[in-house]
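A short write-up of the structure that comes next.
The values are calculated or read from the model by the stated rules, or taken from the named source; none is laboratory data. Please read these numbers as outputs of a predicted model, since none were measured by experiment. Note that each Cβ is placed from the backbone with ideal geometry, even for glycine, and that neighbours are counted across all protein chains shown.
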Amino acid sequence: MSEVPVKKKHQSGSEKRKKRQEQQNKLNEQLKKTQNLFKLGFSRESKEHQPHDSPSTSSASHTMVVDPVEVPCKPFEQIGQDQETATLVGAEESEAETEVIHQNVVHLGVEYQNDIGLWQNITNEMQDFWCTRHPNECQHFECDFSASSRQYDDSKRFFSQSMFFRKHISGGKIKREWLMYSPSTGKVYCFPRILFGEAQNRSHFQTGFSDWKNALHRIQSYENNATHRVCVQALISRRRIHGRIDTSLEVTFNKER
């Protein structure tokens with residue numbers, strides 16, 4: 001006797017709204033705790049480094065001891081993928097999830113979130129903060145990339161995980177440690193260029209790149225650009241000041257030469 005197949009139960013609209021509300025409440029609680037940690041950490045760090053006989057004259061010497069705020073990012077599931085585009089599953093609630101992200105911008109400063117697309121004012125303190133972290137904290141490598149959807153004449157295209165890699169002359173793959181995906185904007189950015197690039201000469205990888213139809217050529221052309229290399233070297237040098245020796249970053253940088 002054959003078994004009766006079990007039908008997959010789909011969530012109702014109210015169940016989806018309830019789930020999103022629970023996610024939002026959880027995020028609010030996380031942000032509240034992080035804000036308290038930020039205040040405590042900054043106060044402790046300031047007291048430890050503050051001379052007793054005179055006020056501090058250099059804010060750049062202070063390193064904050066808090067972790068970046070993590071923006072929620074749903075893991076991706078892909079049923080078809082090439083080097084330019086990905087077909088995505090489970091993206092029907094992407095707009096609602098993106099709205100939750102925008103509603104929960106932390107008040108301690110968006111520059112301390114791990115969503116690079118929300119960063120605004122780049123200060124010395126912010127540079128120091130992120131130079132003590134590893135860039136992969138902002139990469140969102142496991143996202144579903146649904147927010148990256150862009151409509152072209154022929155079809156929709158998305159950012160795909162394969163774009164995080166480049167082919168080496170030896171035939172192997174090298175991860176682009178500098179390339180960051182933003183869940184809120186659906187664009188990609190250059191981590192070193194955001195932190196150390198000139199405001200007068202802004203690249204699309206500073207303001208946000210999302211031309212997926214021409215992505216392979218544009219990304220490859222950008223990473224061979226002299227300005228990009230200068231910014232990567234500035235990041236490596238600044239991290240050395242903070243005692244961070246990045247083997248992966250330096251290996252990637254040397255192989256890009």
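Restricting attention to segment 189-222, which residues are of a type in the set (A, V, I, L, M) and either buried (at least 18 other Cβ atoms within 10 Å of the Cβ) or part of a strand (DSSP E or B) (or both)? Explain how you work it out, then say what you get.
First, pick out the residues of segment 189-222 that are of a type in the set (A, V, I, L, M): 194-195, 199, 215-216, 219.
194, 195, 215, 219, listed by residue number.
Being in contact with a Ser or Thr (Cβ under 9 Å, 6 or more places away or on another chain), on the phi > 0 side of the Ramachandran plot and crowded, with 20+ Cβ neighbours inside 10 Å: is that true of residue 186 here? First the steps, then the outcome.
Values: in contact with a Ser or Thr (Cβ under 9 Å, 6 or more places away or on another chain): yes; on the phi > 0 side of the Ramachandran plot: yes; crowded, with 20+ Cβ neighbours inside 10 Å: yes.
Taking the combined requirement at face value, the residue satisfies it.
Can you tell me how many residues within segment 167-183 are crowded, with 19+ Cβ neighbours inside 10 Å and either among the hydroxyl-bearing types (Ser, Thr, Tyr) or out of contact with any strand residue (DSSP E or B) (no Cβ under 8 Å at 6 or more places or on another chain) (or both)?
So the answer is 3.
Given the criterion small (Gly, Ala, Ser) and more than 21 Å from residue 133 (Cβ to Cβ), identify the matching residue among 172, 208, 197.
Values: 208 fails: more than 21 Å from residue 133 (Cβ to Cβ); 197 fails: more than 21 Å from residue 133 (Cβ to Cβ).
After applying the criteria, what remains is 172.
Find the residue count for segment 134-166, including only residues that are of a type in the set (S, T, N, Q) and surrounded by fewer than 14 Cβ atoms within 10 Å (Cβ to Cβ). Even if it seems obvious, please write down each step before you answer.
Of the residues in segment 134-166, the ones of a type in the set (S, T, N, Q) are 136, 139, 146, 148-149, 151, 155, 160-162.
If we keep only those that are surrounded by fewer than 14 Cβ atoms within 10 Å (Cβ to Cβ) as well, we get 151, 155.
Count: 2.
Kindly indicate the residue of segment 138-187 that is hydrophobic (A, V, I, L, M, F, W, C) and assigned to a loop (DSSP other than H, G, I, E, B) and also farthest from residue 127 (Cα to Cα) among those meeting that condition. Give the derivation first.
Our first condition is that a residue be hydrophobic (A, V, I, L, M, F, W, C); within segment 138-187, this holds for 138, 141, 143, 145, 147, 158-159, 163-165, 169, 174, 178-180.
Right, trim to assigned to a loop (DSSP other than H, G, I, E, B) and you get 141, 145, 158-159, 169, 178.
On the way: 141: 22, 145: 27, 158: 30, 159: 27, 169: 33, 178: 15 Å.
The selected residue is 169.
Residue pairs, Cβ under 9 Å, 6 or more apart or interchain, first in segment 212-232 and under 22 Å from residue 153 (Cβ atoms) and among the aromatic types (Phe, Trp, Tyr), second at pLDDT 95 or above and assigned to a helix (DSSP H, G or I). List them.
212/148; 212/163
Does residue 189 fit the bill of being hydroxyl-bearing (Ser, Thr, Tyr) and under 25 Å from residue 238 (Cα atoms)? Outline the logic, then answer.
Numbers: hydroxyl-bearing (Ser, Thr, Tyr): yes; under 25 Å from residue 238 (Cα atoms): yes.
So residue 189 passes the test.
Mind counting the residues in segment 159-177 that are closer than 18 Å to residue 190 by Cα and in contact (Cβ under 8 Å) with a residue 40 or more places away in the chain?
10
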